[in-house]
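Please read the structure below before turning to the comments.
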Amino acid sequence: MFEDFLNALQNFRRNKTRTLLSLLGVIIGVASVIVITSMGKSSTQEIKDTFGSSGLDVVSVNSGFMRRKRNSVEMQFSETFRENLYDNVRNIKKVWYKNSLSSTISYGDTSSTTNCTAVEYGYLEMYGLALSSGRYFTVTEDVEGLQKIILGSEIATALFPDGNAVGKQVLVTCSKVSYNFEVIGVLKEQNSGMESSTNSAYVTRGFYAKKITPNPIASGVMVQATSPSHATGLVTDITEYITSITGTQYSVNVTSMQTMIEQMDSITTTLSLMLSAIAAISLLVGGIGIMNIMIVTVTERRQEIGIRKALGASPRDIRRQFLVESASITLLGGIAGIILGISISLAVEYIKSQAFVISTTACFISFGFSVAVGIIFGLSPAIKAAKLDPVIALSGE
């Protein structure tokens, strides 16, 4: 078989133009499949990199926005709801409550309007929101409702261009009532899950409960799963539990970053498979071209076939010779297609400044499919060559 492969390479060298035309369909098909799958995986990876690994174990529960049924019960995020979640839903590590305040933060003559979030102790650390300076809230500050504030990077820059925000006093105005807060920390500029650290500010929920609304109902609930792998299942379990109480699944909106990433991954995978199937058609077209060229090759080499048979070559030897030659074309085309596909993918990802991800599975499948195409479409010409009568083959031109 190795000798047949060497003979095939010699025939390719003698017919360079014909061989190149035979290879084009295979090369384009294999390269297209690799580029499409690479772009799909790279897009998914870019989404993961954008949001980071923090927050993938967190499930967000908020009031629903759709019309409720007549007999449905409105869900309120009270302390009783928190207790019931722990008792009725599995894989919960901790439940965090938060409330939002539309506020204006001022320092001297400079002010910034933002959404100020009242959070419980440990919330920022749980979400992976890192500090560029200062510290996080303490348990005492949360319990006693002390007027401490942590600023997002954008707000801190707007209010304190010199960068010295920690320790300064700012005025926070909510519903026309103003409060003095001490800045104890500034967040780094980053995205972590569904939380943004740029145009945001955080105060303790203890302050909200003491100065804004006693015994407040939370505007949002963040449920931390025992591990990121349980986040998707936790979305389903919480939705089912609340639906059993309220009578409608639209009373709340339950989401998680892990679920969103998995859905995006599923969509890009489906699109990649569809586009890869279309690209694979060029492989079939290339296979038909290879079959036609192999038929011509058999006709041109009738005398060679006749001589080999006269010297004792069996029909099996002749059939194998032409099958190896046909498979060799697609073998070389597959290798060239993989190289071209990876090169194009690298160029595209470099231009887009995007993460580069190559699917090894797609490389192996497209390569194997290309070789299979060569064998399948080369089988008919090989059988035709094997059936040639040596006398007729030697007498023909």
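The values are calculated or read from the model by the stated rules, or taken from the named source; none is laboratory data. For clarity, every value in this text was computed on a predicted model and none was experimentally measured. Here Cβ is always computed from backbone atoms with ideal geometry, including for glycine, and neighbour counts include all displayed protein chains. Accessible surface is based on the protein model in full, side chains and every heavy atom, while ligands, DNA and RNA are left aside. Shrake-Rupley method; radii C 1.70, N 1.55, O 1.52, S 1.80 Å.
Please indicate, with yes or no, whether at least one residue in segment 291-311 is among the acidic types (Asp, Glu) and open to solvent by 60 Å² or more (accessible area, probe 1.4 Å).
The answer is yes; a qualifying residue exists.
Considering only segment 229-248, I want to know if a residue exists there that is surrounded by 14 or more Cβ atoms within 10 Å (Cβ to Cβ), hydrophobic (A, V, I, L, M, F, W, C) and over 20 Å from residue 64 (Cα atoms).
No - not one qualifying residue is present in segment 229-248.
Checking the conditions here, which among 191, 180 is open to solvent by 70 Å² or more (accessible area, probe 1.4 Å), over 20 Å from residue 125 (Cα atoms) and either out of contact with any strand residue (DSSP E or B) (no Cβ under 9 Å at 6 or more places or on another chain) or modelled with pLDDT of 90 or more (or both)?
When all the criteria are applied, what remains is 180.
Could you list all residues from segment 20-53 that are modelled with pLDDT under 75, of a type outside the set (A, V, I, L, M, F, W, C) and open to solvent by 20 Å² or more (accessible area, probe 1.4 Å)?
43, 45, 46, 48, 49, 50, 52, 53
For segment 249-282, name all the residues that are outside any helix (DSSP H, G or I) and open to solvent by 60 Å² or more (accessible area, probe 1.4 Å).
249, 250, 253
Is segment 212-221 home to any residue that is more than 30 Å from residue 87 (Cα to Cα), modelled with pLDDT under 95 and in contact with a helix residue (DSSP H, G or I) (Cβ under 7 Å, 6 or more places away or on another chain)?
Within segment 212-221, none of the residues are more than 30 Å from residue 87 (Cα to Cα), modelled with pLDDT under 95 and in contact with a helix residue (DSSP H, G or I) (Cβ under 7 Å, 6 or more places away or on another chain).
Where in segment 86-154 are there strands (runs of 3 or more DSSP E), lying fully within it, with 3 or more residues that are modelled with pLDDT of 90 or more and surrounded by 20 or more Cβ atoms within 10 Å (Cβ to Cβ)?
92-107, 110-119, 148-151
Given the criteria free of Cβ contacts under 8 Å to residues at least 24 places away in the same chain, more than 31 Å from the chain's Cα centre (by Cα) and surrounded by 14 or more Cβ atoms within 10 Å (Cβ to Cβ), does residue 327 qualify?
When the stated conditions are applied, residue 327 does not pass them.
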